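The values are calculated or read from the model by the stated rules, or taken from the named source; none is laboratory data. All figures in this text were calculated on a predicted structure; none of them were measured in a lab. Cβ: placed from backbone, ideal geometry, glycine included. Neighbour counts: every protein chain shown.
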Amino acid sequence: MLSRLDLSQRERYRRYYYELARDQLEAYLLDYMLLRSYANFKAANTPYPFVEMRELKPGGFSPHFENPLHNRLLLLLYEGSLKDRLKKHLRYREKNALILKNLREFDVELPRALLSEAKILGAPPFGNLLESLLPLDYAILIQQDVLAGERLRFAVSHFHVKIDVLLDEMVEQLAKRLKYITRDLFERGETYAQLLEHKFFEYYSFHETVAGRRSAAMIAHQLLRQREEGSTVFVGSTEGRSLTSLDEETISKQLLLSLTRQDLRAILKRKNLRPDAFTEHYAVDTDEKSCVVIFKCVYEHTEQALPPRDGRLRGDLNPKARWVTITKQFIVPKPGHHDQRPIPYPTIYRAAAPKDDPPAQSKAVEASPAPAS
């Protein structure tokens, strides 16, 4: 992606609007992925499967168990207009363009007069359209509306977008960019290639066994990051139970976290917050023993996962060196509560079992928001 300094004035305006659109879209998706899923479990009188903190550690393992009451999604947001540039690997074709004929083939009914407005991000009926499209297989594509002329606006252009490229190609592409190989994935043997694949998953904070939407999201991100414009991939699975965002610089995961009353009292005291204000702006649900909130952790890439400064081919890959590290942990306001700030809440390593993390390392993480791995 080109930096802001390399853009024309109009392109800088578009970049600013893209970042605003990304935040607005994230609010829709948080509601759909987390809050509505939680409501599904409540309505079914079934305990919600909260994410364990160990699952959030870089490359952490999530149980291979699908939760049918949990929503899932895969959405691609692109700063510009892709046109025909990636059609070979991202299947956005005429047959899955957002038109009434195609929608009806997937049993999505929408009045013709409403479609032109509903597809526009930020329009009143946009949320209803998104809710109809998100349960479908594959991805939704949102990009600059080519019919808007000089106006800058984002719209759903395609749905049921299949991401069709071999994982090996994306691993090879990343390994070349990071200077671990020069020619092809297997140039240093199959064992080295398998290690690179393992590190590819870790690069995106996932365990190497994830598949489905999360695997497709990593591939889509690798494809889109080659462009000059910015892009963000949002993904959520019934196994992962979190909303993961992959953008140009960072990776973030947002999920539901159950706080004990003791944890909650400590937060209120530390931040000098009133219980009723916290409940109004942050609490998804409360009872006598716990309080459910939205938790966000942010990952950034370490030196081993960035191109070397000298541009030279690296030596052997160290399998123990982390490629991502956790830099921030927050309790975030509920969607629609715009005036509240996130509350720092470092808890991932504090909640880890002693056998997973040495005590000294855990203390370092708790004492400062500095990178922890």
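So in the range 158-215, with the set limited to residues that are of a type in the set (Val, Ile, Thr) and not in a loop (DSSP other than H, G, I, E, B), which one is farthest from Thr302 (Cα to Cα)?
The initial filter retains those residues of the range 158-215 that are of a type in the set (Val, Ile, Thr), namely 161, 163, 165, 171, 181-182, 191, 209-210.
Now restrict to residues that are not in a loop (DSSP other than H, G, I, E, B): 161, 163, 171, 191.
Details: Val161: 32, Ile163: 28, Val171: 17, Thr191: 23 Å.
Ranking the candidates gives Val161 first.
Residue by residue through the range 294-315, note down the ones that are part of a loop (DSSP other than H, G, I, E, B) and touching a residue at least 24 places away in the same chain (Cβ under 8 Å).
Let us first name the residues in the range 294-315 that are part of a loop (DSSP other than H, G, I, E, B), namely 302, 306-315.
Listed by number, the residues that qualify are Thr302, Leu306, Pro307, Pro308, Gly311, Arg312, Leu313, Arg314.
Can you tell me how many residues within the range 1-39 are without any contact (Cβ under 8 Å) to a residue 40 or more places away in the chain, part of a helix (DSSP H, G or I), farther than 26 Å from Lys253 by Cβ and not acidic (Asp, Glu)?
The qualifying residues number 5.
Would you please list the contacts, defined by Cβ atoms under 6 Å and residues six or more apart or on different chains, that run from a residue in the range 199-220 that is under 13 Å from Gly240 (Cα atoms) and touching a residue at least 40 places away in the same chain (Cβ under 8 Å) to a residue that is crowded, with 20+ Cβ neighbours inside 10 Å and hydroxyl-bearing (Ser, Thr, Tyr)?
These pairs meet every condition: Ser205/Tyr299; Arg213/Ser237.
For the range 275-293: of the residues being outside any helix (DSSP H, G or I) and among the charged types (D, E, K, R), which is modelled with the highest pLDDT? Before the answer, list the steps.
So in the range 275-293, the residues outside any helix (DSSP H, G or I) come out as 282-293.
Applying the additional criterion that residues be among the charged types (D, E, K, R) yields 285, 287-289.
Values: Asp285: 93, Asp287: 88, Glu288: 84, Lys289: 88.
Residue satisfying both the conditions and the ranking: Asp285.
Kindly indicate whether any position in the range 256-274 is outside any helix (DSSP H, G or I), buried (at least 20 other Cβ atoms within 10 Å of the Cβ) and at pLDDT 95 or above.
Of the range 256-274, the ones outside any helix (DSSP H, G or I) are 256-260, 272-274.
Narrowing the set further to residues that are buried (at least 20 other Cβ atoms within 10 Å of the Cβ) leaves 256-257, 259.
Add one more test, that the residue is at pLDDT 95 or above, and what stays is 256-257.
Yes, because at least one residue in the range 256-274 is outside any helix (DSSP H, G or I), buried (at least 20 other Cβ atoms within 10 Å of the Cβ) and at pLDDT 95 or above.
Has the range 40-62 got any residue that is modelled with pLDDT under 90, assigned to a loop (DSSP other than H, G, I, E, B) and either aliphatic (A, V, I, L, M) or surrounded by fewer than 16 Cβ atoms within 10 Å (Cβ to Cβ) (or both)?
Checking the range 40-62: at least one residue is modelled with pLDDT under 90, assigned to a loop (DSSP other than H, G, I, E, B) and either aliphatic (A, V, I, L, M) or surrounded by fewer than 16 Cβ atoms within 10 Å (Cβ to Cβ) (or both).
What number goes with the only condition from (1) under 27 Å from Tyr13 (Cα atoms); (2) surrounded by 14 or more Cβ atoms within 10 Å (Cβ to Cβ); (3) without any contact (Cβ under 8 Å) to a residue 24 or more places away in the chain that Leu110 does not pass?
The one condition Leu110 does not meet is (1).
Test of understanding: among Phe206, Phe186, which residue is surrounded by fewer than 20 Cβ atoms within 10 Å (Cβ to Cβ) and either among the aliphatic types (A, V, I, L, M) or at negative phi (or both)?
Numbers: Phe206 fails: surrounded by fewer than 20 Cβ atoms within 10 Å (Cβ to Cβ).
Just a single option satisfies the conditions, and that option is Phe186.
Are any of the residues in the range 232-254 touching a residue at least 60 places away in the same chain (Cβ under 8 Å), more than 30 Å from Pro47 (Cα to Cα) and surrounded by 18 or more Cβ atoms within 10 Å (Cβ to Cβ)?
For the range 232-254, residues touching a residue at least 60 places away in the same chain (Cβ under 8 Å), more than 30 Å from Pro47 (Cα to Cα) and surrounded by 18 or more Cβ atoms within 10 Å (Cβ to Cβ): present.
For the range 128-157, which positions are surrounded by 14 or more Cβ atoms within 10 Å (Cβ to Cβ), out of contact with any helix residue (DSSP H, G or I) (no Cβ under 9 Å at 6 or more places or on another chain) and outside any strand (DSSP E or B)?
Correct list: Leu136, Asp145.
Search the range 113-127 for residues being assigned to a loop (DSSP other than H, G, I, E, B) and either in contact (Cβ under 8 Å) with a residue 60 or more places away in the chain or hydrophobic (A, V, I, L, M, F, W, C) (or both), and hand back the single one that is surrounded by the most Cβ atoms within 10 Å (Cβ to Cβ). Give the derivation first.
Step one: filter the range 113-127 for residues assigned to a loop (DSSP other than H, G, I, E, B), giving 119, 121-125.
Now restrict to residues that are either in contact (Cβ under 8 Å) with a residue 60 or more places away in the chain or hydrophobic (A, V, I, L, M, F, W, C) (or both): 121-123.
Details: Leu121: 19, Gly122: 14, Ala123: 16.
My answer is Leu121.
Determine if the range 240-249 includes at least one residue that is modelled with pLDDT of 90 or more, under 12 Å from the mean Cα position of the chain (by Cα), outside any loop (DSSP other than H, G, I, E, B) and hydroxyl-bearing (Ser, Thr, Tyr).
yes
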